[in-house]
Structures are given as structure tokens and as C-alpha cells.
1. Go through the range 72-92 and give me each residue that's in a loop (DSSP other than H, G, I, E, B) and touching a strand residue (DSSP E or B) at 6+ places or on another chain (Cβ under 7 Å).
2. Say whether the condition of being modelled with pLDDT of 95 or more, closer than 26 Å to Gly34 by Cβ and among the charged types (D, E, K, R) is met by at least one residue in the range 89-105.
3. Which numbered condition trips up Leu92, out of (1) touching a Ser or Thr at 6+ places or on another chain (Cβ under 7 Å); (2) open to solvent by 40 Å² or more (accessible area, probe 1.4 Å)?
4. Which residue pairs have Cβ atoms under 9 Å apart, sit 6 or more places apart or on different chains, and have a first residue in the range 23-34 that is touching a residue at least 24 places away in the same chain (Cβ under 8 Å) and closer than 15 Å to Ser91 by Cβ and a second that is surrounded by 11 or more Cβ atoms within 10 Å (Cβ to Cβ) and aromatic (Phe, Trp, Tyr)?
5. Where residues in the range 47-65 are polar (S, T, N, Q) and surrounded by 12 or more Cβ atoms within 10 Å (Cβ to Cβ), which of them is farthest from Gln77 (Cα to Cα)?
Amino acid sequence: MLLIAPVLILWMQIPQVNAQQISQIPQFLFLQEGENFTTYCNSSSTLPNLQWYKQRPGESPVLLMILAKGGEVKTEQRLTGRLGETRKHGSLHLAAAQLSDAGTYFCAG
């Protein structure tokens, strides 16, 4: 019996704002439904806040969450965002991916 599992493709966009270098790892990721993923955002300087967005092709970005305090952890449904104590590093974790989660995820500061 052949089993076909839907695959989610998640892209991460790497922005640069006013010479502030922001890198995001991984740059893209293939997942199957039910898998978890974490993406990391690193900045060359301290961020006033960390914003996480999701964008689907042909649509405007949707703000997922804003983290404003060093060490802050915020959970909204299956998403957990973290901002490091130094406010230079952050992460976004998605639990139990669903097909509707497919898209481009990116951070901004």
C-alpha cells in the first residue's frame, strides 16, 4: 500500500534593516503534517522588539506575535516565540504542523 503524506514547505526570509544584519536559520524547511519546527533569528545588534510574521504567496504578511522584553516567552495556540535576554536572538517554534501552516515565516526587529 502506498502512503502519501502531505508535505509543508516553509520558507524563511532574511531581512536587513538600516545596516542591521538579521539572519534566520534554517532558510527553508520541508515538513510533514504533525511534525514540529523551530526557526531562529539572530541580529548583529540589540533589537527594540522581535516581530514574527507569516506570509502566503500573493498575500500580505500577517503579524504572528511581538516580543518586547529580554527573556520573554509568548505562546499563542501552537506557536511559541522566545526573545533572548540580550535581545539579539530569538526563536519561533510551531508544534504539530498542519497544511494551513505552509508559507514564508520571517522575523523583523
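The values are calculated or read from the model by the stated rules, or taken from the named source; none is laboratory data. Here the structure is a predicted model, which means the values were calculated and not measured. FYI the Cβ positions are ideal-geometry reconstructions off the backbone, even for glycines, and counts take in every protein chain you see. The accessibility values were calculated without ligands, DNA or RNA, using every heavy atom of the protein model including side chains. Shrake-Rupley method; radii C 1.70, N 1.55, O 1.52, S 1.80 Å.
1. Residues of the range 72-92 in a loop (DSSP other than H, G, I, E, B): 72, 77-78, 84-88.
Correct list: Glu72, Arg78, Gly84, Lys88.
2. No, the range 89-105 has no match at all.
3. Here Leu92 meets the rest and fails (2).
4. Partner pairs satisfying both residue conditions: Gln24/Tyr40; Gln24/Tyr105; Gln24/Phe106.
5. Applying the filter and picking the extreme gives Asn49.
Residues are listed down the side, and each one gets a yes or a no for (1) modelled with pLDDT under 90; (2) assigned to a loop (DSSP other than H, G, I, E, B); (3) under 13 Å from Cys107 (Cβ atoms); (4) within 12 Å of the chain's Cα centre (by Cα):
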{"residue": "Leu2", "(1), (2), (3), (4)": "yes, yes, no, no"}
{"residue": "Ala5", "(1), (2), (3), (4)": "yes, yes, no, no"}
{"residue": "Leu10", "(1), (2), (3), (4)": "yes, no, no, yes"}
{"residue": "Ile22", "(1), (2), (3), (4)": "yes, no, yes, no"}
{"residue": "Gly34", "(1), (2), (3), (4)": "no, yes, no, no"}
{"residue": "Cys41", "(1), (2), (3), (4)": "no, no, yes, yes"}
{"residue": "Ser60", "(1), (2), (3), (4)": "no, yes, no, no"}
